[in-house]
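Just passing along the structure, written as structure tokens.
We did not get these values from a lab; they are worked out from the coordinates using the rules stated. What you are looking at is a predicted structure, and each value in this text was computed from that prediction instead of being measured. Heads up, the Cβs are rebuilt from the backbone with ideal geometry, glycines too, and the neighbour counts pull from every protein chain shown.
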Amino acid sequence: MTTPPPARSRIFDKKLDSTPGFLWMVTEGNDRVTQVNAGRAYVRVQLAATAQGLAMQPLQQALQEYPEQAKTYADVRRLLDAPPPARTVQMRARVGYAPPVDPAPWRGSAARAQLIGLRVFRCTAANCECRLLS
């Protein structure tokens, strides 16, 4: 007898089952340049989807390379015809419609820096003088 998945997992599975579409990006190889280019391509796709009124949610947990995800990772690679090391699944996402979300409030860089305990300096080109912003 198998143990049923936790409630959170069942809720997420239900959301996946109701997803109208999925996106995946598979590359030849997995060097740093390929990873960066895949990230750039994903951002372009996400912006284009948003412009069309679509929402995207990354599904990256299955692509993580740690022992607990090994079987799921292998299943995804097999499903997407991405045998290692020749091909790499760089990104997975679900695509569909979602209620609109308001933009996050803008508080300025000094406020954000204070939240994480950074000092913020402003340098003027005229005299290269730096001042701590309060």
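Taking H as built 1.01 Å from N, whose amide H comes closer than 5 Å to the amide H of R87, not counting residues under 5 places away?
Distant-sequence amide H within range of R87: G29.
Another question about this same structure. Could you tell me whether segment 51-110 comes out rounded, prolate or oblate from its Cα gyration tensor? Rule is a ≥ b ≥ c as square roots of the eigenvalues, rounded for a/c under 1.5, then prolate if a/b exceeds b/c, otherwise oblate.
Prolate, since a/c reaches 1.5 and a/b exceeds b/c.
Also: Explain nothing, just compute: Karplus ³J(HN,Hα) = 6.51 cos²θ - 1.76 cosθ + 1.60, θ = phi - 60°, for every residue of segment 24-40 in order, whole Hz, x for Gly and Pro.
For segment 24-40, the Karplus curve yields 9, 10, 10, 10, 7, x, 8, 6, 4, 4, 4, 4, 5, 5, 5, x, 4 Hz.
If I stretch the segment between E65 and V33 completely, what's the gain in nm (0.36 nm per residue apart, minus their alpha carbon distance), one decimal?
Here the answer is 9.6 nm.
Shifting gears a bit: Which residues' amide hydrogens lie under 5 Å from the amide hydrogen of V26, considering only partners 5 or more residues apart or on another chain, with H built in the peptide plane?
When sequence neighbours closer than 5 places are left aside, the close amide H contacts are Q90.
Still on this structure, please answer the following. Going by a ≥ b ≥ c, the root eigenvalues of the Cα gyration tensor, does segment 8-96 fall in the rounded group (a/c under 1.5), the prolate group (a/b larger than b/c) or the oblate group?
The shape class here is oblate.
A further question on this structure: Amide H to amide H under 5 Å from L80: which residues, 5+ apart in sequence or cross-chain, H placed 1.01 Å off N in plane?
Here nothing satisfies the definition.
Can you tell me which of 54-65, 24-35 comes out highest on packing, and rank the rest after it, using the mean Cβ neighbours within 10 Å? Provide the component values of the computation, followed by the final result.
Values: 54-65: 14.5, 24-35: 12.7.
Going from most to least packed, we get 54-65, 24-35.
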